[in-house]
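Chemist: After the C-alpha cells below, expect a handful of questions from me.
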Amino acid sequence: MELVMIFDMRAPAFGAPSEALYSAALDMAEWADDAGFDVIGLGEHHRSEDGYNPSPLTLASAMAARTQQIRLRTAVLLASCYDPIRLAEDLAVLQILSQGRVELGLGFGYRPAEFAMFGRELKDRFDFTIETANTLKQAWTGQPFQYRGRPCQVLPVPGTPIPILLGGAAPKVARAAAAMADGFLVPLFSEKVWRPYRKECLNLGKADPGAYPKQGPTLLWVSEDPDAEWEWLAPHILHVLDSYSQWTAEAYGKPMGPYAGGMTAETVRNSGAYQVLTPEDAITLVNTLGDHSSLYLTPLFGGAPPEKGWKMLELFKQLVLPHVPRTRIPRWGHALQANAD
C-alpha cells in the first residue's frame, strides 16, 4: 500500500491562516517521513481566492530539507505556467537538494484564468505540455541545445534522473504517457482512463504497469468520534467542492464531474468519497484495499486547523498504521490525488 500525504495549502477566511498552515505542513512532512509514508503530494493552482499553493517547487524544497526518504511528487505541476528552461534548472537543483526524491507530475490545466495569467492559451496546452516534457529530458543531459531558437545549457545535472509523469483523464493523455513518460497520474477512481494507458504500454512493448491500484477515499479522517468531527470538517469539504465547482464552470460553462452541484454536508458524507472513520473502521478499510493500493491523508484539508490535523495523525499512527501493508517501492503509475486535479 502506498501512503500519500497531500497538502493543498488552501486558507479560506474561516480556516487557519496561511502562515500557520505552511509552518504545520513542514512539521507534518517531517512526521510523515519518520512514520514511513511513501509520498508527499503537492498540487498547483493560481488566482485562487483561498491561496491554493501556487508554488509547489518552493514548498517541496523546504520539505526536502526536513525529510530523508519520502518522495516529493508534484501532482500536478501546470506546465503552461512555466518557462521550460527555467523549470529545468529549478527541478535540477531540487533533485540535488532532495538527494533524488523528486517525482514530476506534469498536468495540462483547464482554467482559462490561469493560462491568461502566464500569457498562454488553452488551445495550446497539450502540445506545450508534451514539448515541455521533452525539453526537460533534453535539458537534463547537461549538453548545449536550442529551445525555440534560444541557446541553452542546464547545469548542474541532477545525479538521479527525475521521473516525468503525465497527469490527466483523457485517452489522448494516457497514450502520450505510455509513449514518452515514466508513468501516468489519473484522477481518483478513474479506472477506465487507466485501461488505454496500460494497453498502449503493452502495444509499445513496454513493461506492464499492472491493473489500476485500489484507491482510498478522497479524504480519510480518523477520529474516535466521527459525528463530532464531521460537524467542523464539513464546511472545509464543502468549500473545496464549491471551489472546484466554480473552476469547472469557468472552464466548461457548467460544473462538471463530482462538482456538478447539489452538494450538501449530508450528500457529501453519503457519497463515500469523504470518510471520517473510527480507527477500527479505518483498519477495515486498509484490509479491504490490500497491498496494491493507495491511501491518502490530508491533515490540513481546506484550511483545517493544524491542531486538529495533528490529533488525527497521531491517532492514525498509533492505531491504524501498524495494520498498513508497508513497502518502500516507487510506484510511479499510481493515481493522482484528488485535490490536484
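The values are calculated or read from the model by the stated rules, or taken from the named source; none is laboratory data. On a predicted model such as this, the values are computed, not experimentally measured, just so you know. Don't worry about glycine lacking a Cβ; one is built from the backbone with ideal geometry, like all the others, and counts go over all protein chains shown. The protein model used for the area step is the full one, side chains on, heavy atoms only, and it has no ligands, DNA or RNA in it. Shrake-Rupley method; radii C 1.70, N 1.55, O 1.52, S 1.80 Å.
Chemist: At 222 nm, what value in deg cm²/dmol follows for the chain if DSSP H runs of at least 4 each add -39500 (n - 2.57) and the sum is divided by all its residues, to the nearest 500?
Modeler: Numbers: 11 runs with 142 residues, N = 341.
Calculated mean residue ellipticity at 222 nm is -13000 deg cm²/dmol.
Chemist: Looking at region 1-80, which GluC sites (Glu not before Pro) are in a loop (DSSP not H, G, I, E or B) and have at most 14 other Cβ atoms within 10 Å? Kindly include the intermediate steps, with their values, before the conclusion.
Modeler: On the way: sites: Glu2, Glu19, Glu30, Glu44, Glu49; in loops: Glu44, Glu49.
Answer by residue number: Glu49.
Chemist: Mind checking the angle between helix 191-203 and the chain's longest principal axis? C-alpha axes, 0 to 90 degrees, to the nearest 10.
Modeler: 30
Chemist: Counting only other residues whose beta carbon sits under 14 Å from that of Ala181, what net charge do I get with K and R as +1, D and E as -1?
Modeler: Details: positive: Arg73, Lys137, Lys172, Arg175, Arg198, Lys206; negative: Glu103, Glu131, Asp182, Glu200.
So the environment of Ala181 carries a net charge of +2.
Chemist: So if the hydrodynamic radius of region 63-200 is defined as the Kirkwood radius over C-alpha pairs, what does Stokes-Einstein give as its diffusion coefficient at 4 °C and 1.567 mPa s, in µm² per second?
Modeler: Values: Rh = 15.7 Å.
Value of D from the Cα-based Kirkwood radius: 83 µm²/s.
Chemist: May I ask you to give the solvent-accessible area per residue for region 1-87, in square angstrom, as obtained with a 1.4 angstrom probe? Show your work: numbers first, answer last.
Modeler: Numbers: 2640 Å² over 87 residues.
With all protein chains present, region 1-87 gives 30 Å² per residue.
Chemist: Now for a different question. Working only with C-alpha atoms, what are the Rg and Dmax values of the chain, expressed in angstrom?
Modeler: Spelled out, the Cα radius of gyration and Dmax of the chain are 19.4, 61 Å.
Chemist: Loop sites only, by DSSP: take the trypsin sites (Lys or Arg not before Pro) in the chain that have at most 15 other C-beta atoms within 10 Å and name the longest stretch containing none of them. Before the final figure, lay out the partial values.
Modeler: Numbers: sites that count: Arg47, Arg148, Lys206, Arg326, Arg328.
Longest gap between qualifying sites, sites excluded: 207-325.
Chemist: Compute the helix-to-body angle for 279-289: its Cα long axis versus the longest principal axis of the chain, expressed 0 to 90° and rounded to tens.
Modeler: It is inclined by approximately 40 degrees.
Chemist: Does anyone have the angle between helix 306-315 and the longest principal axis of the chain? Alpha-carbon axes, 0 to 90°, nearest 10?
Modeler: Roughly 80 degrees between the two axes.
Chemist: To continue, here is another question. Using every alpha carbon pair in region 60-124, what percent of pairs falls into each 5 Å bin from 0 up to the bin containing the largest distance?
Modeler: 4, 17, 24, 20, 15, 11, 7, 2, 0
Chemist: Looking at region 207-312, I'd like the Rg to Rh ratio, where Rg is from alpha-carbon atoms and Rh is Kirkwood's inverse mean 1/r. Before the final figure, lay out each step's value.
Modeler: Numbers: Rg = 15.4 Å, Rh = 15.2 Å.
Taking Rh as the inverse mean 1/r over Cα pairs, Rg/Rh reads 1.01.
Chemist: With Cβ to Cβ distances under 13 Å as the rule, what net charge do the other residues near Arg150 carry (K, R +1; D, E -1)? Before the final figure, lay out the partial values.
Modeler: On the way: positive: Arg86, Arg148; negative: Asp83.
Net of charged neighbours comes to +1.
Chemist: How many angstrom separate the Cα center of region 1-51 from the Cα center of region 213-246?
Modeler: Distance between centres, Cα-based: 15 Å.
Chemist: If you roll a 1.4 Å probe over region 92-190 with all protein chains in place, what percent of the accessible area is carbon or sulfur? Working shown, then result.
Modeler: On the way: 2420 of 4320 Å².
On region 92-190, the fraction of accessible area on carbon and sulfur atoms equals 56 percent.
Chemist: Holding the Cα-Cα limit at 28 Å, pick out from Lys214/Lys317; Lys137/Lys214; Lys172/Lys254; Lys172/Lys206; Lys172/Lys317; Lys199/Lys317 the pairs that are longer than that.
Modeler: Values: Lys214/Lys317 21 Å; Lys137/Lys214 31 Å; Lys172/Lys254 23 Å; Lys172/Lys206 18 Å; Lys172/Lys317 40 Å; Lys199/Lys317 38 Å.
Going by Cα-Cα distance, Lys137/Lys214; Lys172/Lys317; Lys199/Lys317 fall outside the 28 Å limit.
Chemist: Find, among the GluC sites (Glu not before Pro) in region 140-233, those assigned to loop by DSSP (not H, G, I, E, B) with at most 16 other beta-carbon atoms within 10 angstrom.
Modeler: Numbers: sites: Glu191, Glu200, Glu224, Glu229, Glu231; in loops: Glu224.
Filter output for region 140-233: Glu224.
Chemist: Kindly report the accessible area of region 165-227 per residue (heavy atoms of protein chains, probe 1.4 Å, no ligands, DNA or RNA), in Å².
Modeler: Numbers: 2790 Å² over 63 residues.
Accessible area per residue: 44 Å².
Chemist: Add +1 for every Lys or Arg and -1 for every Asp or Glu among the other residues with Cβ under 12 Å from the Cβ of Lys311, and state the total.
Modeler: In short, -3.
Chemist: Follow-up. Using alpha carbons only, how many angstrom separate the centre of region 58-107 from the centre of region 250-288?
Modeler: Using only Cα atoms, the two centres lie 29 Å from each other.
Chemist: Please report the carbon-and-sulfur percent of the accessible area for region 192-341; probe 1.4 Å, protein heavy atoms only, DNA, RNA and ligands left out.
Modeler: On the way: 3810 of 6900 Å².
Carbon-and-sulfur percentage of accessible area, whole number: 55.
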